[in-house]
Ligand SMILES: [Zn+2]
């Protein structure tokens, strides 16, 4: 299913934020766009959402929560997450210049059409414990985001084509 005017279904995510397109999901760095007042919660804040390419035979996948996902889509998420988390732990510390204390998974959603997505938000060792206050937009260096996307792509082996996982 595809929902018109849904940010998750329709939004053109600039390639500079795109890390990987799996068969049913996309993984990107949270968007930083000063003109739209959109910022990540942290350097390395990633977003995994179910979505199919517009040109794919089944159209785009719109799900409001996990109850709208098929068993195989849920299995896809479960298979992908450990690899993505391990890769974040591998890639982010040298770019941030600090170790990762934790990575939080959050699925809250305030967009109008409620397109299910998972936020993966690292808390670095230098950060104090802040609980849900961690989920506060902040400006991070654009060149660091570029570096995260580049290195995550390289380590995940996602350099252009869609992979079959997920
Ligand atoms: Zn949608």
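Laid out as a table, the results:
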read-out	value
For segment 64-130, average projected area of the Cα convex hull in nm²	5.5 nm²
Helical contribution to [θ] at 222 nm, DSSP H n ≥ 4, -39,500 (n - 2.57), averaged over the chain, rounded to 500	-9000 deg cm²/dmol
Most fluctuating residue given options 30, 63, 133, as computed from a GNM of the chain linking Cα atoms under 10 Å	133
Percent of alpha-carbon pairs separated by more than 30 Å within the chain	12 percent
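Read-outs throughout are calculated quantities, based only on the coordinates presented, and are distinct from any laboratory measurement. Just so we're clear, the structure is a prediction, and the values are computed from it rather than from any experiment.
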